[in-house]
Amino acid sequence: MADDLILDVQNVTKAYDGLAVLKGIGFGLRKGETKVLIGPSGSGKSTLLRCINYLTVPDAGRIYLNGEEVLDANIDAMRARMGFVFQDFNLFSHLTVLDNVRICQIKVNGTDKETAIRRAYRELERVGLEEKANAYPAELSGGQQQRVSIARALAMDPDVLLFDEPTSALDPELTGEVVRVMQQLANEGMTMVVVTHEMSFARQAADEIIFMENGHIVEQGAPTALFKAATNERTRAFLNVIAEHG
Ligand SMILES: Nc1ncnc2c1ncn2[C@@H]1O[C@H](COP(=O)(O)OP(=O)(O)OP(=O)(O)O)[C@@H](O)[C@H]1O
Ligand SMILES: [Mg+2]
């Protein structure tokens with residue numbers, strides 16, 4: 001494998017009850033790159049992201065993080081290095097915002113309490129929520145909750161951040177604040193894989209767009225090229241639908 005890849009996904013397959021959902025997916029991600037994964041519902045985007053950190057165990061293929069293979073045997077350590085931001089935020093509802101952001105640093109990374117609190121405030125500031133440190137998730141808007149979830153992932157100092165439709169549970173007026181944070185992270189050189197329908201983000205932040213359909217990567221390329229002239233007919237059709245319906 002190329003040794004400058006942060007994430008190297010090779011020939012990953014997955015079937016559910018004999019039905020192939022991922023049919024040999026491979027892509028690589030260099031440090032500081034953002035790749036945006038798009039494709040119709042059911043094409044396997046979430047399954048792929050989940051396979052990368054073994055929330056779903058792939059049937060075959062290999063996944064390397066910083067040159068080290070992701071395996072059952074090292075999965076806890078590997079997961080600690082991959083931040084995952086879910087559609088539905090997945091915050092601990094009984095913990096304050098501050099505790100949500102500091103708890104994994106202490107429990108997983110063994111960070112001492114004072115350092116974890118300082119780091120938590122730093123990441124909350126980065127997403128514009130330091131004043132909400134003592135609030136509970138239920139007291140926040142969806143957009144704010146998602147930004148806490150991003151701060152929590154950042155506090156772990158991940159090698160790569162994986163986002164699965166981070167704005168699709170949000171009202172349209174709250175989508176922008178989350179997209180802006182993601183855009184800022186991309187500008188700062190974070191390494192990210194983002195499943196999203198936010199094509200403005202894809203245009204501005206993606207180094208490459210990967211179009212998936214029916215368990216395959218059908219086409220991939222720079223956003224300018226892909227938006228201007230997707231070579232694949234199905235990619236074009238998909239982009240047209242997205243353009244019409246947001
Ligand atoms: N746990 C599961 N058990 C059985 N089938 C599953 C499971 N998870 C996903 N699938 C199936 O795998 C296929 C791919 O699903 P996946 O969620 O990866 O698609 P997706 O591209 O993320 O779609 P969406 O855009 O709707 O989120 C679908 O046909 C889905 O029904
Ligand atoms: Mg999905």
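Taking each residue of region 40-51 that is in contact (Cβ under 8 Å) with a residue 60 or more places away in the chain and looking for partners that are assigned to a helix (DSSP H, G or I) with beta-carbon atoms closer than 7 Å, six or more apart or interchain, yields Pro40/Phe238. Please go through region 139-195 and pick out each residue that is touching a Lys or Arg at 6+ places or on another chain (Cβ under 6 Å), closer than 18 Å to Ala120 by Cα and either among the small types (Gly, Ala, Ser) or within 16 Å of ligand 1 (Cβ to nearest atom) (or both). Within region 139-195, just Ala155 meets the criteria. Just to be sure before I move on: is Ser149 modelled with pLDDT of 95 or more, hydroxyl-bearing (Ser, Thr, Tyr) and over 22 Å from Leu49 (Cβ atoms) in the structure I sent? No: the conditions fail for Ser149. Can you find a residue that is of a type in the set (Phe, Trp, Tyr), away from ligand 1 (no atom under 16 Å from the Cβ), surrounded by 14 or more Cβ atoms within 10 Å (Cβ to Cβ) and on the phi < 0 side of the Ramachandran plot anywhere in region 74-85? No, the conditions are met nowhere in region 74-85. Against the conditions (1) outside any loop (DSSP other than H, G, I, E, B); (2) touching a residue at least 24 places away in the same chain (Cβ under 8 Å); (3) of a type in the set (Val, Ile, Thr), Ile117 satisfies every one except (2).
Of all residues in region 34-74, those that are within 22 Å of Asn214 (Cβ to Cβ), aliphatic (A, V, I, L, M), in a loop (DSSP other than H, G, I, E, B) and away from ligand 2 (no atom under 15 Å from the Cβ) total 1. Return a yes/no flag: does region 202-223 have any residue that is out of contact with any Pro (no Cβ under 6 Å at 6 or more places or on another chain), among the aliphatic types (A, V, I, L, M) and surrounded by fewer than 18 Cβ atoms within 10 Å (Cβ to Cβ). Yes, region 202-223 has at least one match. Screening Thr13, Thr47 for residues that are at pLDDT 95 or above, farther than 22 Å from Pro166 by Cα, within 13 Å of ligand 1 (Cβ to nearest atom) and in contact with a strand residue (DSSP E or B) (Cβ under 7 Å, 6 or more places away or on another chain) leaves exactly one candidate, Thr13. Inspection of region 176-188 identifies at least one residue that is within 21 Å of Thr34 (Cβ to Cβ), away from ligand 2 (no atom under 16 Å from the Cβ) and touching an Asp or Glu at 6+ places or on another chain (Cβ under 7 Å).
The values are calculated or read from the model by the stated rules, or taken from the named source; none is laboratory data. The structure displayed is predicted, hence computed values, not measured ones. Cβ sites come from the backbone with ideal geometry, for glycine too, and all protein chains shown count toward neighbours.
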